[in-house]
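The values are calculated or read from the model by the stated rules, or taken from the named source; none is laboratory data. All of these numbers come straight from a predicted model, not from anything done at the bench. Heads up, the Cβs are rebuilt from the backbone with ideal geometry, glycines too, and the neighbour counts pull from every protein chain shown.
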Amino acid sequence: MPLEDGVVHEQPKTPLPLRQLFIVSLLQGAEPLTSSIIFPFVNQAVRESGITGGDETKTGYYAGAIESIFFVAECLTVVYWGRLSDRIGRKPVMLIGLMGLAISMITFGLSKSYWLLFLSRFIQGMSNGNMGMTKNIIAEITDESNIADAFACLPLIWSIGGTVGPIIGGTLSNPATSYPSSVFSTWPLFIKHPYLLPCMVAAVYSLVSLTVGLHWLDEVAPAGVAMPHDELFVDVPSESTPLLPPSPSSTTVSLPSSISSATISHSTKTLLAIPSIRFSIINLAFLAFADQSCQVILPLFFSTPTSLYGLALRPYAIGVTLGAFGILNGFIQVYALGWLTSRFGSTKVYQWGFAGLLGAFSMYVVVGETVRIRGEVDTSLILASSCQLVSYSLAPPGSIYPILVSTSPTPSSLATITALGQMATSTMRSVSPSFASSLFAFSMQMREYYRDDKHRPGGGGNVGLVRWLAGNLVYFALLALVSAGIWMSGKLPRSRVRRN
């Protein structure tokens with residue numbers, strides 16, 4: 001395998017195992033579907049549970065708790081699912097989780113009490129904690145020549161599930177009144193439980209996925225069984241290890257020479273002591289926080305009145321825009337990410353893509369100030385927002401996962417490492433919605449507060465520096481976060497450029 005000018009020349013890419021990849025994608029689709037399907041009706045379900053006592057202002061707090069507990073439960077259980085899969089295999093763990101999803105979705109649809117809604121959502125998050133297994137399976141059915149292409153499918157799955165879920169939840173909730181001429185209007189079950197139908201759809205999807213996985217998903221390497229592409233992982237030096245590695249992997253990890261492969265401890269503490277693993281997980285956390293913040297801020301900004309420098313788009317327009325963008329973004333990731341990774345390496349692609357979030361968050365300020373000056377939304381602002389979405393799409397989650405899995409010192413520790421990454425992701429996704437939305441609301445309040453002349457520094461017709469800074473506080477905070485993430489991405493292990 002000659003080296004020329006720092007470029008590793010390797011054999012052509014191994015064809016993707018499309019059949020298994022399709023089955024894994026089908027199973028993975030249950031996560032975004034079940035997590036997003038409740039968004040259209042969760043607020044009304046909370047009101048009808050009686051927990052707010054008729055106080056509409058409390059709805060957001062209780063609904064937000066239900067939305068966040070999903071990711072909290074996922075965070076608390078994902079490592080244990082990973083360790084269990086190391087013992088009994090990936091397939092049984094995946095199937096157990098899908099069964100839990102189906103049951104918890106039905107109980108959510110049947111719930112009339114807030115705390116039963118809360119408990120059902122918690123169980124959904126617990127069951128989704130094993131969805132990190134799909135990343136293990138993808139890593140174990142591919143090799144370093146095609147793993148980037150396989151991981152590029154994950155954004156598409158999330159985009160489709162995250163787009164279809166709210167559509168199903170909105171159109172199928174309360175079918176007795178939404179479709180008065182249908183059979184649902186005379187069926188007591190759907191009259192008493194207006195949100196059961198969309199939950200049943202999600203449950204059926206989970207059961208279908210379970211059936212497909214049970215019959216056609218191949219079991220990949222359980223604990224202690226070497227994978228067919230062990231070169232993806234780092235060889236641990238021993239007395240018999242050659243000084244020059246025969247086959248460089250996509251990412252280089254160094255371990256103390258005193259540690260042998262036979263005596264490595266796979267405890268969480270030991271794995272996190274490896275810098276490449278630790279920094280990969282930290283970068284994954286930065287990406288998850290920024291990505292989830294984008295998903296929260298975008299619809300808020302689109303729906304905010306022009307008086308507060310938003311675009312004042314209607315819900316239908318927002319849904320169509322976000323839905324179309326989500327699907328398009330997924331396809332872009334699938335068709336572009338693999339080529340870019342093979343040409344420049346996963347680390348460079350991730351660093352460049354994450355830096356694109358600077359443009360995404362900066363554009364909020366630019367578009368908002370333009371709305372303030374013009375007082376209306378025109379075609380140029382829509383085009384500017386489109387550029388903003390393009391900048392957002394440059395942040396490639398599919399490029400960070402090959403880096404993460406390649407840091408595993410042995411195949412048997414892969415599940416624990418990906419579970420740690422999933423735990424970090426779930427933690428950030430459970431925190432960032434409240435952080436971003438609360439800071440957005442505070443920024444809007446500051447704009448209103450400094451609207452009066454008496455609060456304007458210097459008075460006159462200008463908005464003033466204080467109002468401008470306070471009104472854009474949420475965007476500046478997120479820009480600072482992205483800047484810190486860019487700095488942290490410099491600590492990722494370097495990837496070798498591979499040319500066919």
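When residues in region 138-168 are screened for being outside any helix (DSSP H, G or I) and either under 15 Å from the mean Cα position of the chain (by Cα) or not assigned by TED's automatic domain parsing to the domain that holds Leu27 (or both), 1 of them pass.
Residue-wise test of (1) at pLDDT below 80; (2) within 22 Å of the chain's Cα centre (by Cα).
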{"position": "Ser432", "(1), (2)": "no, yes"}
{"position": "Asp452", "(1), (2)": "yes, no"}
{"position": "Pro457", "(1), (2)": "yes, no"}
{"position": "Leu469", "(1), (2)": "yes, no"}
{"position": "Asn472", "(1), (2)": "no, no"}
{"position": "Ser489", "(1), (2)": "no, yes"}
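Output the residue which, of all residues in region 288-311 that are hydrophobic (A, V, I, L, M, F, W, C) and touching a Leu at 6+ places or on another chain (Cβ under 9 Å), is farthest from Gly490 (Cα to Cα). So the residue we want is Leu311. When you look at Arg372, is it at pLDDT 70 or above, farther than 16 Å from Asn146 by Cα and basic (Lys, Arg), yes or no? Yes: the conditions hold for Arg372.
Considered as a group, the residues in region 67-84 that are under 22 Å from Gly162 (Cβ atoms) and of a type in the set (Ser, Thr, Tyr) include one that is surrounded by the fewest Cβ atoms within 10 Å (Cβ to Cβ), and that residue is Ser68.
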